[in-house]
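Only the coordinates and a few stated rules stand behind these numbers; no lab work does. Remember, predicted model here, so these are calculated numbers, not experimental data. Don't worry about glycine lacking a Cβ; one is built from the backbone with ideal geometry, like all the others, and counts go over all protein chains shown.
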Amino acid sequence: MRQVTRKLMIVATLIAYSGVSRAEQGVKLDDFVGGLVPNCEYSSAFERFRRSVAARYGRNMDGKRTKSNSALVVPLEIKSVMGSVASRNKGEWTEVVIPVTGTIRSLPVSAIEFALGNQNGISVTSIHFAWPKADVQKILGPEIARGSELIKHQTRNEELTDGASIALNEIRGRARLVCDIST
C-alpha cells in the first residue's frame, strides 16, 4: 500500500511539474490569422484586431498618436498568450510589435508585427517565427509561392495595389512572414 501511495505521489508530482498552462503552450493561431498564408487575407477577427491596433497606435503625419485610449479588440484565447505591446514611431510609419505564444501550421510564432503608415497608406503585417527561415520555408514555402502568384493575379485585376506582396525573410536568424498590402 505504501509503495502504491508513493508511486501515485510521484506520478502526481510529475504531472504537476510537466503541466504547462495554455498560455505557456500557446494557441493555434491558424483560424485567427485566416488566409494570411497564402494571399495576405485576414480572418474577420484578425481584421478587427488589426484595425484596433491601428486605431490605438496609429499616428498622424506629425507623428502624434491619434486615439491612444482606443481599446484593442482581441479574442480571449489570443489575449491569454499576448505579451506587452511595444510601439515605435519610425517616421513615415509606426512599428507595433506584439509578442505571442502560439503556432501557425505547427510552426512556433513569437510575435505579430504591424507597420502602420502615419497617414500615408503603409500597411504591413509580419509574423515572426521562432525557427530559422529554412525550417519555415519547408512547411510554408509552396503556399507562399502560390500566394505570390495569387497576389500578382489580384493586382492585375486591380483588387490589390501594385505594392502588395507576400514574402518570407529572415531577421536575427529567425523567419518572418511579411504581408505588404500598402496602397
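For the reader, a short list of remarks on this structure follows.
- Matching residues in the stretch 167-183 - criterion: being acidic (Asp, Glu) and closer than 20 Å to Pro132 by Cβ: Glu170
- Of the strands (runs of 3 or more DSSP E) lying entirely inside the stretch 41-157, those containing at least 1 residues that are surrounded by fewer than 19 Cβ atoms within 10 Å (Cβ to Cβ) are 86-89, 93-104, 107-117.
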